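The values are calculated or read from the model by the stated rules, or taken from the named source; none is laboratory data. Not measured: the values here are computed from a predicted model. Here Cβ is always computed from backbone atoms with ideal geometry, including for glycine, and neighbour counts include all displayed protein chains. These accessible areas exclude ligands, DNA and RNA; they are computed on the full protein's heavy atoms, side chains included. Shrake-Rupley method; radii C 1.70, N 1.55, O 1.52, S 1.80 Å.
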Amino acid sequence: MMPSTPKDIALLVFGTLFCLAAIPMDNSKGQQIRPPNYDESVVPKFELPSVLQSPIPLDIPSIGNDRPRIKTSAQWPAHRQALVAMLAEQEYGFLPTETVKVTSECFDDADAVLSGKTHSNIRRRQLAITLERNGKSLRIDMIVWSPRNRPNAPCFVGLNFRGNQSTCDDPSVRLTTSWCDQRHPGVENNRATEQSRANQSERWPIAEIVDQGFAVATAHYCDIDPDFDDGFENGIHGLYPDFRCDEQHPNRWGSIAAWAWGLSRMADVLVQLDGVKADALLVVGHSRLGKTALWAGATDERFRIVISNNSGCGGAALSKRAYGESVARINTSFPHWFNRNFRKYNDREEAMPFDQHQLIATIAPRPVYISSASNDRWADPLGEMLSGKEASAAYELLGKEGFAATELPAFNTPIGSTSIGYHLREGNHDMLLYDWQQFVAFAKRNGL
Ligand code: GCU
């Protein structure tokens, strides 16, 4: 039948565009990748290993599901370590054990200027953190805002996407000199220009957070590892040429692990910094940096609260739900984010002997907060929430309250316990004031 009415024609055009969008994309080997699923009715049935079940042994991947469960809280620390090691082996990659020399120099200490106004109650410091190993060095610029009226403030620690200058309009903030994505405004020849100032300031409502008695520390993620696939030559990987993820070493650190490791180096400096409460660091991140915050929380227990916003595939979202972004898609678009072993599960999520709820569980008994956005189907809000629910058993074993919901809550209605919190913000993939207000409220409920 030929389309006759304007509505029919519109449907035909829309239908054609939709089908084109659903054409499988190719991975680097020319194999087709499954198109993303957005239909809840075709989410496959799947079983998840309990977070209390001992994880798949690193050297016997085919062992199946018949693995013993831990029964007491005394068994948790060793079990937690086994979960972290399994996730390092299968997904993020192991971190090098050899440390670097970390030094820092504060090159700026003044009142903050935010939205064109000087805030005498907010102290702004900029520190150059230098990492050195075997004659090579790397600089991370960290900016810290802290409340002058709370000398020992809990501190949010998170990476930013576009350089510290993108977080606010303060002309004193040093422009990042690291690689920047050419597609972002205010970037020329992969370098930030003055035009990039404040172009992500809506993600960093500094004055509002500090007014609540919290400090905020951030650094540009590309200071740690530029976000493109260069075979792990640049950034922090360049300081470890002897510890590169490659064909022979498929279980070594990818970029998410590197960024998480960078957060730990920021923590090294923050725990010594006056004005910051050393045992009250809250690691936070959005999207790929939300995945990073979760892995930082898994690998570094100094992070007392862990917050992931819209972290999606490889973050909070359960891979086995096969909804939104898939393992094959993420590994193809971003081949440097995870280790090589993770590619084994491209379009084979059903074969994964693990899933992201085990990542959430590694944070127990420390509080974890997961947030989603209603329009962010790519990140699978329900899958993000359910991994919190599935991690509950670990919290309950440790005497904490878990998370019971199995269906998404109404928009802008935080749910959960003081141990596992969740909200679904109405709107797009982003991290906005509403999200931060919930993070602050969660931190306060946890006594910070
Ligand atoms: C892409 C990617 C996501 C990621 C996001 C981001 O959309 O597919 O996995 O979370 O970028 O970091 O902004």
Q | Magnitude of the charge dipole, the stretch 196-272, Cβ model with Lys/Arg +1 and Asp/Glu -1, debye to 20 | A | 220 debye
Q. If you count, for each residue, the other Cβ atoms within 10 Å and average over each peptide, how do 231-242, 415-426 line up from highest to lowest?
A. 415-426, 231-242
Q | Relative contact order computed over the stretch 101-445 (Cα-Cα under 8 Å; 6+ residues apart), in percent | A | 14 percent
Q.
Regarding the stretch 53-188, what's the average projected area of the Cα-atom convex hull, expressed in nm²?
A. 14.1 nm²
Q | Within the stretch 299-343: backbone nitrogen closer than 11 Å to the GLN31 label point (7 Å, Cα to C-beta) | A | 328, 343
Q. Going from the alpha-carbon gyration tensor of the stretch 214-298, what semi-axes, largest first and in whole Å, does one get by taking the root of 5 times each eigenvalue?
A. 26, 13, 11
Q.
If each residue of separation counts as 0.36 nm, what is the full-extension length gain between THR193 and ASP111 once their alpha-carbon separation is subtracted?
A. 27.1 nm
Q: Could you let me know the centre-to-centre spacing of the stretch 300-344 and the stretch 370-448, using Cα atoms, in angstrom?
A: 17 Å
Q) When only Cα pairs under 8 Å and 6 or more residues apart are kept, what is the percent relative contact order across the stretch 179-226? A) 30 percent
Q. Can you flag which of LYS101/LYS344; LYS71/LYS101; LYS101/LYS400; LYS277/LYS320; LYS71/LYS277; LYS389/LYS444 are past 29 Å Cα-Cα?
A. LYS101/LYS344; LYS71/LYS101; LYS101/LYS400; LYS277/LYS320; LYS71/LYS277
Q. What's the long-distance tail for the chain, i.e. % of Cα pairs beyond 43 Å?
A. 12 percent
Q: Quick one: net charge around PRO226, please, counting Lys, Arg +1 and Asp, Glu -1 for every other residue with C-beta under 15 Å from its C-beta.
A: -3
**Q.** Segments 364-375, 189-200 sorted - mean Cβ within 10 Å per residue, highest first
**A.** 364-375, 189-200
Q: Order the peptides 250-260, 105-115 from the highest to the lowest mean number of other Cβ atoms within 10 Å of their residues.
A: 250-260, 105-115
Q. At a Förster radius of 25 Å, what calculated FRET efficiency corresponds to the Cβ-Cβ distance of GLU407 and LYS444, to the nearest 0.05?
A. 0.40
Q | Rg and Dmax [Cα atoms of the stretch 112-208; Å; Rg one decimal, Dmax integer] | A | 14.5, 44
Q: Let me have the 222 nm mean residue ellipticity of the chain computed from DSSP H runs of 4+ only, each contributing -39500 (n - 2.57), with the sum over all residues rounded to the nearest 500.
A: -7500 deg cm²/dmol
Q | Cβ-derived FRET efficiency at R0 35 Å, ASP211 paired with ARG67, nearest 0.05 | A | 0.10
Q. Taking all protein chains as present, what is the carbon and sulfur share of the accessible area of the stretch 231-331, in % to the nearest whole number, probe 1.4 Å?
A. 42 percent
Q: Counting only heavy atoms of the protein chains, get the accessible area per residue of the chain (1.4 Å probe) and round it to a whole Å² value.
A: 41 Å²
